[in-house]
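Report on the following structure.
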Amino acid sequence: MTDLLPVEPLHRLRERRSAKWRAYGPEVLPLTIAETDFALADAVREALADAVGRSDTGYAMPTDGLGEALAGFADRRWGWQIDPEAVTAATDVSTGVVEVLRLVTKPGDRVVINTPVYPPFFDWLDEARTELHDVPLTHTEEDGWRLDLPALDRAFATGPAAFVLCNPHNPVGRVHSPEDLATVVELATRHQVPVISDEIHAPLALPGATFTPLLTVPGAAEIGVSVVSASKAFNLAALKCATVVTGSPRMRDLVAQMPPDTRWRTGHFGVLATIAAYTHGDAWLERLLATLDDRRTLLTKLVRDRLPEVSWRPPQATYLGWLDCRGLGSGTVPRDRFLAAGVALEPGTRFGEHSGYVRLNFGTSAEVLELAVDRMASAL
Ligand SMILES: Cc1ncc(COP(=O)(O)O)c(C=O)c1O
């Protein structure tokens, strides 16, 4: 059995100064922002400590080994062949998506997204001065949340300028199947809608699910671009490093038009930590996935035993739970009730028109999760 990752006790976690730990007072357990509470992978810690030891705190050399490290990782994990020369550094995934959107749209164009979705998707569309064309995910009891392919076909037929795909999907944790992705590529090609695939959660496909990189789908490289990062799995959000990946000359020429300065805005520590994670982080990542699998099982049991008014479908990827709390009230009422009981969660209304849902971050210790559910149960 894989050794699970340790998490420091709560009083030590509270010493962290990141947004997750500073947004609420000490009386609240924050299970909000998508950061995890695990200790860093040794390879990452050493790379950062070495850099600090050298006073190596200057600008990033964004081409120095980043593409090669990602190519090795993507090949080992997903059999995805990436040309290191087709990897462009970006400050973070948000910047990468917005910069590609700026290349394929003009102000006022429509961009398709699928709600419920990670809230900054709305902001990215605004930043690129484009308009939202929502094609909500569908939901069934048997199959959970998934892409609505007939609705995407109808939407693409109206001529949107781009589609931003979330793969795997935050907040519902769906790992899109190769068949669904093949249909997306077929529709995008037929209607000539460029696809920007946000694959930040890709390394977090949990046991039982297999992630399919969009660009491995036949034909996708001609119409799609992927934005990937080690930051979610390895908890490197502070360090600012992501990569835009292409798989065809057409898309490579497009991404080459990104403003040249964007790649100089990548964090030096981000590049160093990402290379360390991609090159030496496989064993740690396996432990992370086993740990998240354990927390997913624990949360399933806790919800069943302690929160009978709440239902959820354990995610295939990510450390995020999308809890249906409509039985407790509409709008942000469930979030407000849980917050009053001392647990901060993201209200579903931030992800689209999802009244009565909350998103819970279970990337933490069993103790914190049990304490959180105790408090949530007291709110019912
Ligand atoms: C789907 C998705 N995309 C992008 C981001 C943000 O990535 P970055 O901090 O690299 O901009 C997140 C953060 O949680 C996310 O869940």
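The values are calculated or read from the model by the stated rules, or taken from the named source; none is laboratory data. In this text, all values refer to a predicted model and were calculated from it rather than measured experimentally. Ideal geometry is used to build each Cβ from the backbone, glycine not excepted, and the neighbour counts take in all protein chains shown.
Structure summary
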quantity: Tabulated pairs, region 144-169, first in contact (Cβ under 8 Å) with a residue 24 or more places away in the chain, second small (Gly, Ala, Ser), C-beta under 6 angstrom, 6+ apart or interchain; calculated: Leu165/Ser197; Asn167/Ser197; Pro168/Ala317
quantity: Those residues of region 70-96 which are among the β-branched types (Val, Ile, Thr) and within 11 Å of Val245 (Cα to Cα), in sequence order; calculated: Ile82, Val87, Thr88
quantity: Entirely in region 41-139, the helices (runs of 4 or more DSSP H) that have 2 or more residues that are surrounded by fewer than 17 Cβ atoms within 10 Å (Cβ to Cβ), within 16 Å of the ligand (Cβ to nearest atom) and in the same structural domain as Asp198 (by TED's automatic domain parsing); calculated: 120-127
quantity: Test result for Trp145, closer than 18 Å to Leu254 by Cβ, aromatic (Phe, Trp, Tyr) and either in the same structural domain as Gln192 (by TED's automatic domain parsing) or within 16 Å of the ligand (Cβ to nearest atom) (or both); calculated: no
quantity: Every residue from region 234-265 that is of a type in the set (A, V, I, L, M, F, W, C) and within 11 Å of the ligand (Cβ to nearest atom); calculated: Leu236, Ala237, Ala238, Leu239, Cys241, Ala242
quantity: Residue list for region 1-34, restricted to those being more than 18 Å from Ser231 (Cβ to Cβ) and of a type in the set (Phe, Trp, Tyr); calculated: Tyr24
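Each row is one residue, and each column tells you yes or no for (1) in the same structural domain as Ala34 (by TED's automatic domain parsing); (2) on the phi > 0 side of the Ramachandran plot; (3) without any contact (Cβ under 8 Å) to a residue 12 or more places away in the chain.
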site	(1), (2), (3)
Val227	no, no, no
Lys240	no, yes, no
Thr243	no, no, no
Arg250	no, no, no
Pro260	no, no, yes
Gly270	no, no, no
Ala276	no, no, no
Arg287	yes, no, no
